[in-house]
Amino acid sequence: MLQGQALSRHQDSAQRRGFTLGEIGSSVAALWQAPDPANAVTRLLQDKLNLIETRIAELDVLRQELQHRLGQRCPLNP
């Protein structure tokens, strides 16, 4: 029962930090079996941060493109 409670806490914590259920499911076994779980979690969080930073950069480019188009006489022209 304690392992189930720990897993539930891990899932809740991960979801609050932006991980999907799929990401959580694929990482649980690896984290439980890792020789150094703290290091494995650190790597997992760093990977997630890298994905978020990449997505923010992509959204920034999209925002700039939309702002540029809004400034044009006809926003549909490339």
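Every number here is computed from the coordinates shown, using simple stated rules; none is lab data. Worth saying up front: this structure is predicted, and the values here are computed from it rather than measured. Cβ: placed from backbone, ideal geometry, glycine included. Neighbour counts: every protein chain shown.
For the pair Asp12 and Leu62, what calculated FRET efficiency results from E = 1/(1 + (r/R0)^6), where r is the Cβ-Cβ distance and R0 = 25 Å, to the nearest 0.05? All intermediate terms of the calculation are to be shown ahead of the outcome.
Working: r = 31 Å, r/R0 = 1.26.
Step by step, r from the Cβ atoms, then E = 0.20.
For segment 47-62 and segment 1-46, what is the centre-to-centre distance using only Cα atoms, to the nearest Å?
The two parts, judged by their Cα centres, are 22 Å apart.
Would you tally the net charge around Ala14, using a Cβ to Cβ cut-off of less than 12 Å, leaving Ala14 out, and scoring K and R as +1, D and E as -1? Each step should come with its number before you reach the end.
Details: positive: Arg9, Arg16, Arg17, Lys48; negative: Asp12, Glu23.
Combined, the nearby Lys, Arg, Asp and Glu give +2.
Return the label of the correct value of Rg/Rh (Cα atoms, Kirkwood Rh), as calculated from the structure shown, out of (i) 1.16; (ii) 1.27; (iii) 0.97.
Step by step, Rg/Rh (Cα atoms, Kirkwood Rh) for this structure corresponds to label (ii).
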